[in-house]
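For reference, the structure discussed in these notes is given below.
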Amino acid sequence: MTADVLTPLLPGVPLLLGLIGLLLRPDHKASRALGTGGAALALLITVVLLIVVDEPIEVTHRWVTFGDLPVTLGFSLGPAALYVAVAVAVVALCVQVYSVAYLHDDSRYAPYAAQVSLFTGAMLLVVSANDLILLLLGWEIMGVCSYLLIGHDRRLPEAPAAAVKAFLVTRVGDVGFLLGIAWLGVWAGSFRISDILAHGGVPTVALLLILAGVAGKSAQFPLHTWLPDAMAGPTPISALIHAATMVAAGVYVVFRLFPLFAQSPAALAVLGVMASITLLLGALSATAQDDLKRVLAWSTVSQIGYMTGALAVGSPAAALFHLLTHAAFKALLFLAAGAVIHAVGSNLMSRMGGLREHMPVTFWCFVAGLGALAGVPPLAGFWSKENVLVAAAHATEGDGPAPAWVGWVVWVAALAGVAITAWYATRLLLYTFFGHARSRTDEWHAGFSDAHYEGAPGAPHEPPALMRWPVLLLAVPAVLLGLAAFLPGFRSALELEPPHLSVSIVLPLVLLVLGAGSAWWLWHTGPGVDPAQALGRSRPLFAAGFHLDKVQNLLVVRPVRAFAGAVRLVDEKVVDAAVEGAGTSTTRLGTALAAAHRAALPRAAVAVFTGALLLGVVAAIYGAAS
């Protein structure tokens, strides 16, 4: 009974408090309590469910009917979903507390906090939904909230454009997602996920349409281009989007529907290729960025590639494990990056340096986060990434649901990603925290900075307590969460394989040392010089994300705009002209007839007689001819 009540409340509480927050004045103080309270209650509900529930929970109420297809308010929470819900709630709570200090002078804090609550509730709805229509509702609410939150700071010229780009690019994928859901619902005769999974056979086209939505929401090639630009949003929002909500949603949906994907080698092959390209594309692009947040953004693109790669090779457990560890260390890195930006007043690493002495707590948190990101043992990312690599290596034998070549592609890309990740993580740490502090100038504020540093010039400093404690809290799972793989209860919840501390980990560790060591050697040979200079002519290409924005603009945006212009021209010059011409002719004819109707009697009589005479002549000619 307790579980039946609490399950709908899990997404319902933050959604309700978010809606209430939207009704407050923009500067209302109660918004802080509402935002923090919503995340805290969601975390409390999740913890209670984890304690009191032994079996998967399922709650279903009939909602509406589309023809013969019922739509239900259906919720389902198993142990794996509850662990994801814990990650969402913890990160959301940290973001809400952190934002109180980070955006303390924001005159529009109330809508910000309310939108974060709605965002959190929407992700929890995706996690707990047992009906695809309900899941789609949470999916779309996240899209709207991301648009509002990325464009929150209206003082930044980049923010509105980034918000529109994120909204439009993800909408492209959502068109396929919607069609895929409709296809699955009609095919199975129900939108309930449990009914769909129990239905025999699988329509591959529907799964490919679902993958289009996953590519958009989870920033996978070729719909990944919105995520780096979304850094124009406040840094806490970046932590929420990258760690626990939007980009994780696509991975979770494939995890939830994986029994269907496991029956379709073609869909897994598409997912594997998409994941491998994304993994390398994101990692290489991260090597050349000067903006601290954009390094982390491209890193997220790459790490999500690890998760979708694990799904492609048939290991949803490894994907979900990496999702959980990534949520911890990526939220840690973004919030720690916010502390650096708050202290320095710029996002650009070329204007940092030497921060280790002034910000020791933030430095060590960065060490933990970057170590977990790179896969340094025994930090969290090492164990989850090791699971992905082992799953890909096993898939090369062709024993899983995916073709063997998919396993090879994912495995090689993941190994290369280990070295590249270690390289850019080491570069970020050295370039930001070591070397000489670069002096502040009047141009220090160049670049978009969402933490407006208004203090007098001076030494950088640690953030205030409300920003420091969430960072320290997130450092704990970033370091220790990987060890949960040794807990039988955690492994059985995720259906995770035991850790493989065998010879198979040697090659990833060698690549890790090579990547980190080469970045350190470049820094050591030229102290204070950005190691990215070693990229040479490749650097602008990597920094621009392989110019895929320009490619999309050339292949998609321009043709679509040209087609739209041609359609508008046809509409204006042909359709509108025909309609307006018919109206004008009719008006003129009516005017002429009205004038004739108002003629004087003698002229009217002459006209009538003339007409009668002409008709008579025509009739006579016709009669003679016939």
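The values are calculated or read from the model by the stated rules, or taken from the named source; none is laboratory data. This is a predicted model, so every value here is computed, not measured. A quick note on method: Cβ atoms are made from the backbone with ideal geometry, for glycine too, and the neighbour counts reach across all protein chains shown. Calculation scope for accessible area: heavy atoms of the full protein, side chains included, ligands and nucleic acids excluded. Shrake-Rupley method; radii C 1.70, N 1.55, O 1.52, S 1.80 Å.
From the list Ala283, Ala239, which one is among the aliphatic types (A, V, I, L, M), more than 27 Å from Ala206 (Cα to Cα), buried (at least 24 other Cβ atoms within 10 Å of the Cβ) and in contact with a Ser or Thr (Cβ under 6 Å, 6 or more places away or on another chain)? Steps first, please.
Working: Ala239 fails: in contact with a Ser or Thr (Cβ under 6 Å, 6 or more places away or on another chain).
Being among the aliphatic types (A, V, I, L, M), more than 27 Å from Ala206 (Cα to Cα), buried (at least 24 other Cβ atoms within 10 Å of the Cβ) and in contact with a Ser or Thr (Cβ under 6 Å, 6 or more places away or on another chain) holds for just one of Ala283, Ala239, which is Ala283.
Those residues that are open to solvent by 20 Å² or more (accessible area, probe 1.4 Å), more than 17 Å from Val53 (Cβ to Cβ) and at pLDDT 90 or above, I need them from the range 1-27; list them, please.
Within the range 1-27, Gly12, Val13, Leu15, Leu16, Leu17, Leu19, Ile20, Leu22, Leu23, Leu24, Arg25, Pro26 meet the criteria.
Within the range 327-382, track down each residue that is among the charged types (D, E, K, R) and open to solvent by less than 10 Å² (accessible area, probe 1.4 Å).
Lys330
Matching residues to (1) in a helix (DSSP H, G or I); (2) free of Cβ contacts under 8 Å to residues at least 60 places away in the same chain; (3) closer than 22 Å to Cys145 by Cβ; (4) of a type outside the set (A, V, I, L, M, F, W, C):
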{"residue": "Gly12", "(1), (2), (3), (4)": "yes, no, yes, yes"}
{"residue": "Leu17", "(1), (2), (3), (4)": "yes, no, yes, no"}
{"residue": "Thr60", "(1), (2), (3), (4)": "no, no, no, yes"}
{"residue": "Thr65", "(1), (2), (3), (4)": "no, yes, no, yes"}
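Could you identify the single residue in Ala564, Ala578, Ala604 that is surrounded by 11 or more Cβ atoms within 10 Å (Cβ to Cβ) and either of a type outside the set (Asp, Glu) or within 30 Å of Leu348 (Cβ to Cβ) (or both)?
Ala604
Across the range 28-48, which residue is most open to solvent (accessible area, probe 1.4 Å) among those that are under 19 Å from Ala122 (Cα atoms) and out of contact with any helix residue (DSSP H, G or I) (no Cβ under 6 Å at 6 or more places or on another chain)?
Across the range 28-48, the extreme among qualifying residues is Leu44.
Name the residue, out of Ala478, Ala484, that is assigned to a helix (DSSP H, G or I), open to solvent by less than 30 Å² (accessible area, probe 1.4 Å) and at pLDDT 95 or above.
Ala478
Using the structure shown, decide if Pro498 is open to solvent by 40 Å² or more (accessible area, probe 1.4 Å) and either in contact (Cβ under 8 Å) with a residue 12 or more places away in the chain or on the phi > 0 side of the Ramachandran plot (or both).
yes
Anything in the range 250-272 that is among the small types (Gly, Ala, Ser) and open to solvent by 10 Å² or more (accessible area, probe 1.4 Å)? List them, or say none.
Selection gives Ala262, Ala266, Ala269.
Go through the range 531-561 and give me each residue that's aliphatic (A, V, I, L, M) and surrounded by fewer than 11 Cβ atoms within 10 Å (Cβ to Cβ).
Listed by number, the list holds a single entry, Val560.
Any chance the range 125-137 includes a residue that's surrounded by 23 or more Cβ atoms within 10 Å (Cβ to Cβ) and over 27 Å from Leu50 (Cβ atoms)?
The answer is no, given that none of the residues of the range 125-137 is surrounded by 23 or more Cβ atoms within 10 Å (Cβ to Cβ) and over 27 Å from Leu50 (Cβ atoms).
Could you list, in sequence order, the residues of the range 58-78 that are under 21 Å from Val5 (Cα atoms) and either within 28 Å of the chain's Cα centre (by Cα) or surrounded by 14 or more Cβ atoms within 10 Å (Cβ to Cβ) (or both)?
Result: Glu58, Val59, Thr60, Trp63, Val71, Thr72, Leu73, Gly74, Phe75, Ser76, Leu77, Gly78.
Restricting to the range 144-169, give me the number of residues that are in contact (Cβ under 8 Å) with a residue 60 or more places away in the chain and either of a type in the set (Gly, Ala, Ser) or open to solvent by less than 10 Å² (accessible area, probe 1.4 Å) (or both).
Looking only at that region, the number is 10.
Where in the range 487-570 are there helices (runs of 4 or more DSSP H), lying fully within it, with 3 or more residues that are under 26 Å from Leu320 (Cβ atoms) and out of contact with any Phe, Trp or Tyr (no Cβ under 6 Å at 6 or more places or on another chain)?
Filter on the range 487-570 gives 488-494, 506-525.
From Ala395, Ala391, Ala402, which residue is farther than 15 Å from Ala317 by Cα and crowded, with 24+ Cβ neighbours inside 10 Å?
Ala402
Taking the criterion of being among the acidic types (Asp, Glu) and assigned to a helix (DSSP H, G or I), would at least one residue in the range 396-403 satisfy it?
no
Can Val247 be described as open to solvent by less than 10 Å² (accessible area, probe 1.4 Å), at pLDDT below 95 and either outside any helix (DSSP H, G or I) or in contact with a Lys or Arg (Cβ under 9 Å, 6 or more places away or on another chain) (or both)?
yes
Please go through the range 194-219 and give me each residue that is farther than 13 Å from Gly180 by Cα, aliphatic (A, V, I, L, M) and crowded, with 16+ Cβ neighbours inside 10 Å, ordered by number. Break it down into steps so the answer makes sense when it comes.
Initial filter on the range 194-219 (farther than 13 Å from Gly180 by Cα): 194-195, 197-201, 215-219.
Then drop every residue that is not aliphatic (A, V, I, L, M), which leaves 197-198, 215, 219.
Ala215, Ala219 - these are the residues of the range 194-219 that are farther than 13 Å from Gly180 by Cα, aliphatic (A, V, I, L, M) and crowded, with 16+ Cβ neighbours inside 10 Å.
Conditions tested, residue by residue: (1) at pLDDT below 95; (2) at positive phi; (3) under 26 Å from the mean Cα position of the chain (by Cα); (4) not aromatic (Phe, Trp, Tyr).
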| position | (1), (2), (3), (4) |
| --- | --- |
| Leu348 | yes, no, yes, yes |
| Leu355 | yes, no, no, yes |
| Phe363 | no, no, no, no |
| Ala368 | no, no, yes, yes |
| Leu373 | no, no, yes, yes |
| Ala380 | no, no, yes, yes |
| Val390 | yes, no, no, yes |
| His394 | yes, no, no, yes |
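Considering only residues that are of a type outside the set (Phe, Trp, Tyr) and open to solvent by less than 20 Å² (accessible area, probe 1.4 Å), look in the range 88-99 and name the one that is farthest from Phe255 (Cα to Cα).
Ser99
Yes or no: the range 46-64 includes at least one residue that is under 25 Å from Phe334 (Cβ atoms) and of a type outside the set (Asp, Glu). Before the answer, list the steps.
Let us first name the residues in the range 46-64 that are under 25 Å from Phe334 (Cβ atoms), namely 46-47.
Then keep just the ones that are of a type outside the set (Asp, Glu); that gives 46-47.
Checked against the condition, which is being under 25 Å from Phe334 (Cβ atoms) and of a type outside the set (Asp, Glu), the range 46-64 yields at least one hit.
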